[in-house]
Amino acid sequence: MNDSSRPRQTPRWQLDEGALRALLRTLDTDPARAALEYERLRARLARYFSLHGVPHPFEATDEAFNRMARRLSEGEVVLNVEAYLAGIARLVMLEERRKLHRERAALASLLGTEGSDAPPQADPLMREDSLRTAFEAGLAELPHDARQMLTDYYSGGGGERMRAREAMARGLGLSIHALRNRMLRLRQRLERAVRLRLGEPERDVPPGADTNTQEDG
């Protein structure tokens with residue numbers, strides 16, 4: 001697959017110096033007071049996200065400020081900063097909770113699905129909280145792209161899952177078989193990290209699941 005046939009991603013908006021200055025001027029015309037107000041609002045938003053179960057409250061807070069700064073840079077006028085930020089924060093919180101739900105559904109699939117194209121089933125005697133803690137710690141050790149791929153690959157079910165995998169393969173320029181091999185290696189890497197944290201021996205790699213399998217596509 002050539003580059004022209006791959007889906008193009010819109011570049012992520014980045015907060016620059018001009019947008020930051022516009023944001024601070026909206027908080028207060030005096031730079032010192034604006035900085036203090038920014039820190040006050042940042043702490044308040046972080047508490048809000050933490051109380052609503054957002055895993056990374058300060059990252060969510062920065063995202064809320066970035067969205068406000070972007071809208072200001074596009075010419076939007078904000079008269080009530082706190083109310084405006086509260087509205088953005090609620091949207092970010094809902095997005096993060098949906099994302100968390102999606103990741104947990106993928107986790108359940110990773111830990112409980114059987115078959116040659118599914119992750120190994122968890123030990124039924126293992127306490128769920130210990131297993132989840134070990135899994136999330138192992139997942140955190142993976143690069144961001146790898147975590148996202150695992151989440152996307154094991155999300156959904158039935159026809160929806162297959163369509164998502166086909167779209168993922170097209171986006172990466174791989175065949176379904178090559179994508180399956182790549183995900184198998186990621187899954188095995190994650191399983192090794194989980195078993196290490198649980199003090200369990202590594203599983204033998206089954207025939208046909210060679211981690212040196214050549215990817216095609």
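At 7 Å along the Cα-to-beta-carbon direction for both His52 and Leu172, put a label point, then send me their distance in nm to one decimal.
It works out to 3.3 nm between the two label points.
Whole-Hz Karplus ³J(HN,Hα) for the stretch 32-49, in order, using 6.51 cos²θ - 1.76 cosθ + 1.60 and θ = phi - 60°, x for Gly and Pro?
These are the phi-based 3J(HN,Hα) values: 5, 5, 4, 5, 5, 5, 4, 5, 5, 5, 5, 5, 5, 5, 4, 5, 4, 5 Hz.
Could you give the length gained by full extension between Ala164 and Glu76, i.e. 0.36 nm per residue of separation minus their alpha carbon distance, to one decimal place?
Value of the extension gain: 28.1 nm.
Could you give the length gained on full extension between Arg189 and Arg40, defined as 0.36 nm per residue of separation minus the Cα-Cα distance, in nm?
On the way: separation 149, 0.36 × 149 = 53.64 nm, distance 4.18 nm.
So the chain would gain 49.5 nm between Arg189 and Arg40.
Mind checking the dipole of the stretch 17-96: about its Cα centre, +1 per Lys or Arg Cβ, -1 per Asp or Glu Cβ, Debye to the nearest 20? If you can, show how the numbers build up before the last one.
Details: 11 positive and 13 negative charges, 32 e Å.
It works out to roughly 160 debye.
Mind ordering 56-64, 22-30 by average Cβ neighbours within 10 Å, highest first? Working shown, then result.
Values: 56-64: 18.4, 22-30: 15.6.
In descending order of packing, they fall as 56-64, 22-30.
Read-outs: derived from the displayed coordinates by stated rules, not from any lab. These numbers come from a predicted model, not from an experiment. Cβ: placed from backbone, ideal geometry, glycine included. Neighbour counts: every protein chain shown.
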